[in-house]
Amino acid sequence: MTALELPTTLDAALGRPGELRAGGTDLTERRRLDLSRGTVIDLRDVPGLDAITWREGQLHLGALVTLAAVAAHPDVRARYPAVAATAAAVATPQIRARATVGGNLLQHVRCWYYRRPGADCLKSGGSGCPARSGDHLFHACFDLGPCVAPHPSSLATALLAYEVRVEVAGDREHTLASLYGDGSDARRHHMLPPGALLTGVLLGPPLAGEQAAYVRATSRARAEWPLVEVVVRLAVAAGRIDTARVTVGGVANLPLRLAAVEALLVGKPAHEATLAAAAAVAAEGAKPLTHTAYKLDLLRGAVLDALERALAHTPTAATPAKTPEPSPDKPATAEPT
Amino acid sequence: MSPPISRRGILRGTLGGGTVLVGESCAPKIVGERAEAPSLPAVGDAGPASHALEFTVNGAARSITVDPERTALELVRRDLGLTGCKEACGHGACGACSVLLDDVPVAACLLPAVALHRRKLVTVEGLAPAGELHPVQRAFMAEDALQCGFCTPGFVVAASAFYTRWRAEHGDAEPDRDTVAAALAGNLCRCAAYDGIIRAVQKASSGAYEKPPGPEPAPPRYDARDKVTGAAKYTVDVQLPGQLEGKILRSPHAHARVRKVDWSKALALPGVFGAVDLLHGGTTLRFVGQEIAAIAAIDARTAEAALAAIELDLEVLPPLVGMDAARAPGAAPVYPTRNTRKSAPNASEGPLLPLGWDGNVRGPFQLFSTAKLKARRAVARLREAPAEGVLVEGTYKTQVQCHTALEPHACVARWTDDDAVTVHLSTQGVHAVAEDIAERWGLRRDRVRVLAPYVGGGFGAKVTLQLECVAAVELARITARPVRVVLERREELTTGGLRPAQEIELAVATDRDGYLQGVTARAFADAGCSVGSTSTVLMRLMYAKAPKDIADWDVVNHAPPGKPFRGPGGPPVFWALEQAVDIAAERLELDPILLRKRFDPNPARNHLYDWALSLKTWRERQPAQSDRGRFRRGMGLAVGGWFYFVQPSARVQIDAGPDGIVASTACQDIGNGTRTVIAATVAAVLGLAPADIKVEIGDSSLVPGPTSGGSRTTASLVPAATMAAEQLRDELLERAEQLVGARGVAVPGGVRHPRGVVTWQQLLAGSPPLRFVGTRKRDKGGYFLPPMADIAPGRYVAGSLQIIEVEVDTRLGKIRVLRSHTGIAAGHIVAPALARSQALGGVIQGIGYALYEERRLDPNTGALLTGGLEDYRIPGIGDIGELDVHFVEDGYERVNGRSVGLAELVTLAPAAAIGNAVAHATGFRPRELPLRPDRVLQGLRG
Ligand SMILES: Cc1cc2nc3c(=O)[nH]c(=O)nc-3n(C[C@H](O)[C@H](O)[C@H](O)COP(=O)(O)OP(=O)(O)OC[C@H]3O[C@@H](n4cnc5c(N)ncnc54)[C@H](O)[C@@H]3O)c2cc1C
Ligand code: FES
Ligand code: FES
């Protein structure tokens, strides 16, 4: 028998034994599969977590803001184009209308050995990773830890390209790095202690004249988990690249920042040759599994693609959302900078 | 071969009403047990219904109390009875469950019911005021944006939100295709009615389908209105009073011996009513997911908990997963004895021929070779003297493709008497399955009634009596309650049906002038633990004069069995053959169409060649590998040929009288448009509108109708319906003569006589009930083979020609289909809008096969990995490109009805056309499907 709690304040939601629920798009499936048991603490009635606001020149995304709201928000689109484009490319319109920032960042892995009845893997409490010795076609090519499922959060990949403060009630403030750890603890999906509640993320200020792009490599046109995804932010001044942030997902059990690529960009002239040279080192340090070597090629290609798009100032992914989708939740508020 | 042991032992007979054993001597033994005193659980497994919700649904305020685990989908379908909202995946990937939450589409399957509190919920039933239509519904009807209709409510709901948003922002402007695709990216349609859907949404959004001043126009599809409004009831929607939910216990291992199945603890649980064995005396489990037993309980969660309480004593044995493991030297035989071999499931549509076995390899099946030695010699000669002609050799591989109908296999069975059962079944053959049920349970045929008013797709997976039906019927018998068994998507992707993977070693030999000298092919099929996949026979349909040495083998292993899938054997064989022909054309430096004209005496396809040669897009196609940049475009062509089948027993009955004209047959609509075809045919004879004819199908108590498989529905029904309608017409002509005293002639709507026109309605008004039964007469010249098991292969093969244009992204390895042009020679087209939609659906399924779809098993354990629609990827609305269809209708004058069926034909050639297009674009000649980005990148790197 299971129970459901519907706390009406943040405090009442904290420290409860059980699993929090925001949009429920991840948790509902795991309940069906028996991967989540016990009490559900639903955040439906907890107020104040669903706003997009400016705080001293930084953008704050409440934990319960939906991905649809992120993608549609004019300020996000104008000042944080990489975040808007990423949110717009996740999953399907129906899912984005419910999926939240907090839920997306803290969702559990999508590994096909994990999400099935009777899962027996490291994340479900077993003793080994069946993907490593089995079929890992869509898994990591940077083998960072015992679990080889790629980190699922597209939003995390985008946020990693910013200085981000992750606000948590019931725990200290986190960076993305401390939120996810180093991937060595295969049993964990993130490092928040039980009972803690992510209340929002604060994104560092956008760069002046920032150009960004999001690219996801897939088979089908839409609504497919990425084989590789790349977020690029560039600031170019007087024909030179001042700042560069390149982050990638789908390749490791964590979202990764590609410092080697960034290093080859910063201070260099903003032209094709620079981008090509930088993209060429995108897979540096990769350790592919038997069946994921192809992702190295794909990664180099996707990084180059994203760099080119950013430079060409195409802020959105291959499939721009032409009409923004409204969110079923209360309209997000925003104050101008 | 010991049956499962229950707590009370196996009691044969009906002692104490406890254990029941049914079956004739020929029928498999079925053992089951009823819970002694089934008690209702005080509180469901999911906890007490403790959460009070207030919300509005379709405008009306509701308050309802739910349990903690309830999803909005369960609440809408079960508590509110709004069954237009469908479940097709259960994990957010298909959109069949779309509802509007405060006007925004969301997936009800992932929406906790408590999220509805104080919100506004709208389902498909509430999009328009009662009796009216939403403009999007009107557009779906008019543009024929649907086939089976199972996905339609979800699409309509999602599209209605887009419509509102778009019109608010853009007024009457028409959105482009990609904008519509982006808005509907969360909805999947397995019938692939996408092209019509895009058109419908574009037009509705530009204001073209606002409420008409007069009555609603009749749609091209007879039953479209029921499908767009959610009124159409599918098997999964049936809810009978007292109905129990049945769930199936499946093997967790790919290979195991069953020592004991003990369900006593399960039966003792509250809310559990009965259990039945599904091993039928078998003791070896041969794939993960194999059915072991089934349990009926008060609801699904209770049944699942009961399954977990069944004690399985298994001896786990090492599995062989895949062909390589099964063929490896020393591999243990999956079927070690002659008897076990006989128990291997049949993956084919026909009876199994006795063939030899060598370990796990069964075959060769080579009945259809012709001038075998000549073919071999032609190939051997060119191997030695390559300059004397062109020899194209290679091995082509294809993957397992799952049928993936959006309505899963589903059955609700209810015994109405000791010897009478009514079975609601998602089936492609109400008539045939009723016969099977009668035989299996030893019932009189008229005591079995199979009902399937609407079927959410089949594609070959629902042709025969399947285990979900066996389980439901048996559980219903044991529990004396109606029992519903519906497969979940994971089960569906395991045992719902699949097209075997293949490896085809092919050689095509031509002389120096490009005349075909011989074809040799050895095809190895991985249909898991099943046998009988014969594919090379299809090469006999092609390039008829050439010598052919063609043979098939099955390689059995511990994986789920295959089932006939739309064009069984076809897509793999054409993938190989039509690429080989393309390579030959390349080497001969000949236009691939002209080369095929040299090979091909088939008159139907020759019409298509001429059509294709006349296409500007073909004439002006750029030379191979013209693009050198990142994105490279190419155009490929492939052709196909398919049998046409007739069911000689097919009947159509017409009842006419003062109340109108009713045409009926025990056939079903699986999206192909059976009602439309019958109504159109009868109406055409009488010069009436199709809507004037009432059509009844989906009920086995009607006159025998065809099974919807082998593309035979239209070809079987049209002549029978015509015949019955003509009999009615002739009878009414005579009546008119008696009435007016002069011989008249039939004209549209009635009979013209010297003094005016008397309408059919007038003639029927005073008439006693009339009944005519039309049959399906033989074609002129008879059939290719005499009818076997009530199916006759026709003499005249259907032909298709497929041109596909692709763009290859050489950086990200992605292939995008830009345009496809499909030419079809399948005789007379009865309902053009529907035929077009069905044809495009087949092409798009072919695109899915070529680029995305792939069932994957864990190589170590044989467990299914692609268990949902996120991982098993059918094409989405953004993957189709632009499509057109061209019908060549003449050439089948000797066929009764002049129609030969196109459902399967259209899905044969797309993969090969894409392969040829990729080679044309990039020089990379693919051999293995699907063409995933990793394969493309690897291929391009050489
Ligand atoms: C078809 C499909 C495709 C998808 N594709 C993508 C994709 O490409 N990229 C991608 O990133 N995602 C993808 N997703 C996943 C989707 O984005 C997530 O399911 C969603 O973001 C989860 O958000 P939620 O609010 O529904 O989370 P929930 O299901 O409510 O929760 C998820 C987890 O986060 C925890 N949690 C939620 N909120 C908080 C909080 N405030 N504090 C602490 N813990 C919290 C919950 O306890 C739970 O463990 C896809 C999903 C589907 C169904
Ligand atoms: S059933 Fe809900 S999305 Fe498929
Ligand atoms: S019409 Fe869409 S699934 Fe059949």
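Please go through (1) closer than 30 Å to A:His313 by Cα; (2) within 16 Å of ligand 2 (Cβ to nearest atom); (3) open to solvent by less than 10 Å² (accessible area, probe 1.4 Å) for A:Ala82 and return the number of the only condition it doesn't satisfy.
The failed condition is (2).
With respect to the numbered conditions (1) open to solvent by 30 Å² or more (accessible area, probe 1.4 Å); (2) polar (S, T, N, Q); (3) under 23 Å from B:Asn606 (Cβ atoms), which one is the sole condition not fulfilled by B:Ser820?
Single failed check for B:Ser820: (1).
Where residues in the stretch A:281-298 are open to solvent by 50 Å² or more (accessible area, probe 1.4 Å) and within 13 Å of chain B (Cβ to nearest Cβ), which of them is farthest from A:Glu308 (Cα to Cα)?
Start the filter on the stretch A:281-298 by keeping residues that are open to solvent by 50 Å² or more (accessible area, probe 1.4 Å), which leaves A:284-285, A:287-288, A:290-291, A:293.
Now restrict to residues that are within 13 Å of chain B (Cβ to nearest Cβ): A:288, A:290-291, A:293.
Numbers: A:Pro288: 26, A:Thr290: 30, A:His291: 28, A:Ala293: 24 Å.
Out of the qualifying residues, it is A:Thr290.
Give the residues of the stretch B:846-862 that are part of a loop (DSSP other than H, G, I, E, B), within 10 Å of chain A (Cβ to nearest Cβ) and open to solvent by 10 Å² or more (accessible area, probe 1.4 Å), sorted by residue number.
Residues satisfying the conditions are B:Tyr852, B:Glu854, B:Arg856, B:Pro859, B:Asn860, B:Thr861.
I'd like the full set of residues that are within 11 Å of chain B (Cβ to nearest Cβ) and either modelled with pLDDT under 95 or closer than 25 Å to A:Leu307 by Cβ (or both), limited to the stretch A:64-89.
Result: A:Ala88, A:Ala89.
When B:Val57 is evaluated against the numbered criteria (1) open to solvent by less than 20 Å² (accessible area, probe 1.4 Å); (2) within 16 Å of ligand 2 (Cβ to nearest atom), which criterion, by number, is the only one it fails?
(2)
For the structure I just gave you, tell me whether B:Ala742 is in contact (Cβ under 8 Å) with a residue 12 or more places away in the chain and open to solvent by less than 20 Å² (accessible area, probe 1.4 Å).
Working: in contact (Cβ under 8 Å) with a residue 12 or more places away in the chain: yes; open to solvent by less than 20 Å² (accessible area, probe 1.4 Å): no.
Taking the combined requirement at face value, the residue does not satisfy it.
Within the stretch A:16-104, considering only helices (runs of 4 or more DSSP H) that don't extend past its boundaries, which have at least 2 residues that are under 23 Å from B:Leu116 (Cβ atoms) and free of Cβ contacts under 8 Å to residues at least 12 places away in the same chain?
Details: elements: A:27-32, A:67-72, A:74-79, A:81-89, A:93-96.
The helices (runs of 4 or more DSSP H) meeting that bar are A:27-32.
Among the listed residues B:Val531, B:Val486, B:Val519, B:Val473, identify the single one that is open to solvent by less than 10 Å² (accessible area, probe 1.4 Å), under 30 Å from B:Thr416 (Cβ atoms) and in contact (Cβ under 8 Å) with a residue 12 or more places away in the chain.
Working: B:Val531 fails: under 30 Å from B:Thr416 (Cβ atoms); B:Val486 fails: open to solvent by less than 10 Å² (accessible area, probe 1.4 Å); B:Val519 fails: under 30 Å from B:Thr416 (Cβ atoms).
On inspection, the qualifying residue turns out to be B:Val473.
Within the stretch B:193-207, does at least one residue satisfy the condition of being part of a helix (DSSP H, G or I), under 11 Å from B:Ala159 (Cα atoms), within 16 Å of ligand 2 (Cβ to nearest atom) and outside the structural domain of B:Gly878 (by TED's automatic domain parsing)? Show your work before the answer.
Of the stretch B:193-207, the ones part of a helix (DSSP H, G or I) are B:194-205.
Narrowing the set further to residues that are under 11 Å from B:Ala159 (Cα atoms) leaves B:197-198, B:200-202, B:204-205.
Narrowing the set further to residues that are within 16 Å of ligand 2 (Cβ to nearest atom) leaves none.
Taking every residue of the stretch B:193-207 in turn, none turns out to be part of a helix (DSSP H, G or I), under 11 Å from B:Ala159 (Cα atoms), within 16 Å of ligand 2 (Cβ to nearest atom) and outside the structural domain of B:Gly878 (by TED's automatic domain parsing).
Assuming A:Gly134 fulfils every condition listed in (1) within 14 Å of chain B (Cβ to nearest Cβ); (2) touching a residue at least 60 places away in the same chain (Cβ under 8 Å); (3) not hydrophobic (A, V, I, L, M, F, W, C) apart from one, which condition is it?
(2)
Among the strands (runs of 3 or more DSSP E) lying completely within the stretch B:722-841, list those that include at least 2 residues that are away from every other protein chain (no Cβ under 14 Å) and not β-branched (Val, Ile, Thr).
Numbers: elements: B:745-747, B:750-753, B:756-759, B:770-775, B:798-809, B:814-825.
Once the strands (runs of 3 or more DSSP E) in the stretch B:722-841 are filtered for at least 2 residues that are away from every other protein chain (no Cβ under 14 Å) and not β-branched (Val, Ile, Thr), what remains is B:750-753, B:770-775, B:798-809, B:814-825.
What are the pairs, 6+ residues apart or on separate chains, where a residue within the stretch B:52-77 that is within 20 Å of B:Gln239 (Cβ to Cβ) and assigned to a strand (DSSP E or B) has its Cβ under 6 Å from a residue that is among the aliphatic types (A, V, I, L, M) and away from ligand 2 (no atom under 16 Å from the Cβ)?
B:Ile64/B:Leu53; B:Thr65/B:Ala49; B:Thr65/B:Ala52; B:Val66/B:Ala49
For the stretch B:426-470, how many residues are of a type in the set (S, T, N, Q) and open to solvent by less than 10 Å² (accessible area, probe 1.4 Å)? Steps first, please.
At the first step, the residues of the stretch B:426-470 found to be of a type in the set (S, T, N, Q) are B:426-428, B:464, B:466.
Imposing the further condition that a residue be open to solvent by less than 10 Å² (accessible area, probe 1.4 Å) reduces the set to B:426-428.
Going through the stretch B:426-470 one residue at a time, the tally reaches 3.
Any idea which residue in the stretch B:155-185 is nearest to the chain's Cα centre (by Cα), counting only those that are facing another protein chain (nearest Cβ under 9 Å) and among the small types (Gly, Ala, Ser)?
Among them, the one singled out is B:Ala185.
Could we say that B:Asp79 is under 25 Å from A:Glu5 (Cβ atoms), away from ligand 1 (no atom under 16 Å from the Cβ) and facing chain A (nearest Cβ under 9 Å) here?
no
Restricting attention to the stretch B:504-557, which residues are more than 13 Å from B:Ala375 (Cα to Cα) and polar (S, T, N, Q)?
Matches in the stretch B:504-557: B:Ser530, B:Ser533, B:Thr534, B:Ser535, B:Thr536, B:Asn557.
With A:Leu137, A:Leu106, A:Leu155 as the choices, which residue is closer than 20 Å to A:Leu254 by Cα and open to solvent by 20 Å² or more (accessible area, probe 1.4 Å)? Write out each step before concluding.
Numbers: A:Leu137 fails: open to solvent by 20 Å² or more (accessible area, probe 1.4 Å); A:Leu155 fails: open to solvent by 20 Å² or more (accessible area, probe 1.4 Å).
The unique qualifying residue is A:Leu106.
For residues that are touching a helix residue (DSSP H, G or I) at 6+ places or on another chain (Cβ under 8 Å) and assigned to a loop (DSSP other than H, G, I, E, B), scanning just the stretch A:239-270, find the one that is surrounded by the most Cβ atoms within 10 Å (Cβ to Cβ).
Per the criteria, the residue is A:Val251.
The values are calculated or read from the model by the stated rules, or taken from the named source; none is laboratory data. Keep in mind that this is a model prediction, so the values were computed, not measured. Cβ coordinates were reconstructed from backbone atoms using ideal geometry, including for glycine residues, and neighbour counts include every protein chain displayed. Surface accessibility is based on the protein's heavy atoms, side chains included, excluding ligands, DNA and RNA. Shrake-Rupley method; radii C 1.70, N 1.55, O 1.52, S 1.80 Å.
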